[in-house]
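Data first, discussion second: the structure below is written as structure tokens.
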Amino acid sequence: MTKRQKRVKKLSSNPKNIRFEVLDAILLEHGFTCRQPSGGSSHYVYYKKEKQITVPYKRPFIKEIYVKRVRELIENETK
């Protein structure tokens with residue numbers, strides 16, 4: 001199993017303990033482009049064609065709802 005597959009599997013197995021860096025790596029590996037915040041915002045915007053998701057940068061872990069949305073985006077992409 002590759003690192004990429006392990007990261008995606010981790011989204012499903014334990015969505016409450018996902019760090020921002022891991023979520024960022026997964027989205028970038030799947031071809032999403034990141035637009036970093038400007039002007040003091042903490043929200044990162046990832047987009048790919050018509051798909052878009054906004055993820056707030058929060059330490060140490062990302063909220064479960066954002067992890068689930070990313071998982072749905074990736075699963076819909078592979079179908």
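Any read-out appearing in this document is the output of simple, stated calculations on the displayed coordinates, not a laboratory observation. A quick note: this is a predicted structure, and the numbers were derived from the prediction, not measured. Please note: Cβ atoms are built from the backbone with ideal geometry, for glycine as well, and neighbour counts cover all protein chains shown.
Structure values in brief
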| quantity | calculated |
| --- | --- |
| Residues whose placed amide H lies under 5 Å from that of residue 57, excluding near-sequence neighbours | 43, 44 |
| Backbone HN-Hα couplings from phi across region 56-67 [Karplus 6.51/-1.76/1.60, Hz, Gly and Pro as x] | x, 7, 9, 9, x, 10, 7, 5, 4, 5, 5, 5 |
| Net lengthening on full extension, residue 59/residue 75 (0.36 nm per residue, minus Cα-Cα) | 3.2 nm |
| Relative contact order of the chain, pairs being alpha-carbon contacts under 8 Å that are 6 or more residues apart, as % | 30 |
| Residues with amide H under 5 Å from that of residue 18, placed H, sequence gap 5 or more | 62 |
| Low-density loop positions, GluC sites (Glu not before Pro), region 7-64 - DSSP coil, at most 11 other Cβ in 10 Å | 50 |
| Ascending count of other beta-carbon atoms within 10 Å, so fewest first, for 33, 54, 2 | 2, 33, 54 |
| Cα-Cα P(r), region 3-78, percent of pairs per 5 Å interval | 3, 16, 31, 28, 16, 5, 1, 0 |
| Estimated inter-spin distance, residue 14 and residue 36, nm [label 7 Å along Cα→Cβ] | 2.8 |
| Lys/Arg +1, Asp/Glu -1 at C-beta; region 3-78 dipole; positive extreme among 31, 45, 67 | 67 |
